[in-house]
Amino acid sequence: MSTPHPIIQELEAQSPARDFPEFRVGDTVRVHVRIVEGQRERVQVFEGVVIRRRRGGNRGSFTVRKVSYSVGVERTFPFFSPRVEKIEVGSRGRVRRNRLYYLRQRTGKAARIRARIVREKKKA
Amino acid sequence: MLHRMGLLGKKVGMMQDFDEKGDWFTYTVITVGPCVVLDIKTKERDGYTALKLGFDDQKPHRVNRPDMGVFAKADTTPKRYVREIRLSAEECVQFEVGQTLTPDQVFRPGDTIDVTGTSKGKGFQGVMKRYHFRGTRATHGSHEYFRHGGSIGCRLTPGRVYKGRKMPGQMGNKRVTMQNIAISKVLADKNLVLVNGGIPGSAEGYVMLHHAAKRLVPAFKLIQPKQATETAEPAAE
């Protein structure tokens, strides 16, 4: 995609900042999603592996995959969606590519992701 | 003649955002104005009444001498995009030559407008792309006849092809008006107008914004943003 016009970039930058923890493709996250049912509103948690992150101003999104009752479920969330209440990062995963579409072909043990050990940076 | 106030602008591009419910919506960003009133056409002199507006600076050496005279009268720099807005004589009174108009003087959020621009050129196209004809069958022995339009008429009666027959030809790069577009925001400090959905043409293309022809609109009055709010508040008390 071509770079947006400077005015567009400026307007996009005005979207309210979201305070999400840093996560990468391969990490397991818990996404708290606001769901409106008629009059009521409740928060549902969608937990799974991040298989894709897309950048681009306020248009960025990420896709989370989980296997629910042996059915693969993927949900894509825009970073700036007001429906996304909170993101919690679970285990970090070590992966060698940016888009984990190969997980769709795999089940069970083959679909595991190696853990990524995060060292504390503050070691003076 | 239909009188609808309008302004000239330039398409910047499109954006997305979320509404209160969290659904995506798409809108187009347009730089509108500042437009300079270059001339006011009068019944006596010109036979009709209108505002002549100019938008976006042009290099002086690209403007011919008669046009230079117009810009000199309005005491402004040469303009690239010059169009007339037909208004009634009563509406024209509130303007003066040389005056600069900004979008917040003409448009409010929620207004319904028509946007006129030049659509993206698609070149010489066949009937399938141009008019969504279905073409002909690809199998059962079809030979060198797949994307044609088929028959274009009858035989001796009427002995000619009816006018308006849809055939291949130039597609796009044509004046197009999108009617009844809602304004979602007017950003006065940046001279930007955000409208819902798309508008004709590519980014950087010139467009004309009018109050909607198909809506009943009272005679146009300039909006004076700051003074209007000041006078409105004491009146309410």
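Read-outs throughout are calculated quantities, based only on the coordinates presented, and are distinct from any laboratory measurement. Nothing here was measured: the structure is a model prediction, and the numbers come from that model. Note that we place each Cβ from the backbone using ideal geometry, even for glycine, and neighbour counts take in every protein chain shown.
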- Message: What do you get for GluC sites (Glu not before Pro) in segment B:81-170 restricted to DSSP loop and a cutoff of at most 16 other Cβ within 10 Å of the site's Cβ?
- Response: B:E96, B:E144
- Query: Quick one: Cα centre-to-centre distance for segment A:5-59 and segment B:108-150, in angstrom?
  - Reply: 38 Å
- Modelled label-to-label distance, B:T77 and B:R62, 7 Å Cα→beta-carbon offset: nm? 1.3 nm
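Is the shape of segment B:103-237 best called rounded, prolate or oblate, per the rule: a/c under 1.5 gives rounded, else a/b larger than b/c gives prolate, else oblate, with a ≥ b ≥ c the square roots of the Cα gyration tensor eigenvalues?
It comes out prolate by the Cα gyration axes.
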- Expressed in nanometres to one decimal, the distance between label points 7 Å along Cα→Cβ at A:V67 and A:R52 is 2.1 nm
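Can you work out the FRET efficiency for the pair B:V176 and B:F25, with r the C-beta to C-beta distance and R0 = 22 Å, to the nearest 0.05? Show your work: numbers first, answer last.
Details: r = 22 Å, r/R0 = 1.01.
Approximately 0.50, to the nearest 0.05.
Is the C-alpha gyration tensor of the protein assembly as shown telling us rounded, prolate or oblate? Criteria: a/c under 1.5 is rounded; beyond that, a/b larger than b/c is prolate, otherwise oblate. Intermediate values should be presented prior to the final figure.
Values: a/c = 2.46, a/b = 1.41, b/c = 1.74.
Verdict is oblate for the protein assembly as shown.
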- Item | Cβ neighbours within 10 Å from other chains - mean over A:78-91 | 2
- Item | For residues of B:16-23, the mean tally of beta carbons on other chains within 10 Å | 5
- Query: Per residue of B:80-92, how many C-beta atoms from partner chains lie within 10 Å of its own C-beta, taken as a mean?
  - Reply: 0
- When a/c is below 1.5 the answer is rounded, else prolate if a/b is larger than b/c, else oblate, so apply that to chain A with a ≥ b ≥ c taken from the square roots of the Cα gyration tensor eigenvalues. oblate
- Item | Additional length obtainable on full extension of the chain from B:D46 to B:E204, 0.36 nm per residue less Cα span | 53.6 nm
- Helix-derived [θ] at 222 nm for the protein assembly as shown: sum -39500 (n - 2.57) over DSSP H runs of at least 4, divide by residue count, nearest 500? -3000 deg cm²/dmol
- Given the pairs B:K21/B:K185; B:K129/B:K185; B:K10/B:K166; B:K79/B:K214; B:K52/B:K190; B:K41/B:K190, which span a C-alpha to C-alpha distance of over 28 angstrom in this model? B:K129/B:K185; B:K10/B:K166; B:K79/B:K214; B:K41/B:K190
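With contacts defined as alpha carbon pairs under 8 Å and 6 or more residues apart, what's the relative contact order of segment A:1-54 in percent?
Values: 44 pairs, mean separation 16.8, N = 54.
About 31 percent, as a whole number.
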- Message: Springs between alpha-carbon pairs under 10 angstrom, Gaussian network model over chain B: which of B:S88, B:S184, B:S142 fluctuates most?
- Response: B:S142
- Query: Residues with amide H under 5 Å of B:L192's amide H, sequence separation 5 or more or different chain, H placed in the peptide plane at 1.01 Å from N; which?
  - Reply: B:V32, B:L187
- Calculated FRET efficiency, A:R106 and B:K185, Cβ-Cβ r, R0 45 Å, to nearest 0.05? 0.45
- Message: Which of B:F95, B:F133, B:F18 ends up with the largest GNM mean-square fluctuation for chain B, with Cα atoms connected below 10 Å?
- Response: B:F18
- Pairwise label distance in nanometres, B:F124 with B:V97, each label 7 Å out on the Cα-Cβ vector: 4.6 nm
- From the backbone phi of segment A:38-52, what are the Karplus-calculated ³J(HN,Hα) couplings (6.51 cos²θ - 1.76 cosθ + 1.60, θ = phi - 60°) in whole Hz, Gly and Pro given as x? x, 8, 7, 10, 9, 10, 10, 9, 10, 10, x, 8, 6, 9, 7
- Message: Only Cα pairs within less than 10 Å get springs; with that Gaussian network setup on chain B, which residue of B:H210, B:H148, B:H140 has the largest fluctuation?
- Response: B:H140
- Query: Which whole-number percent gives the relative contact order of chain B, counting Cα pairs below 8 Å spaced six or more residues apart?
  - Reply: 28 percent
- Give the long-range amide H neighbours of B:G172: residues separated by 5 or more places, or on another chain, with amide H under 5 Å away, using H modelled in the peptide plane at 1.01 Å from N. B:K122
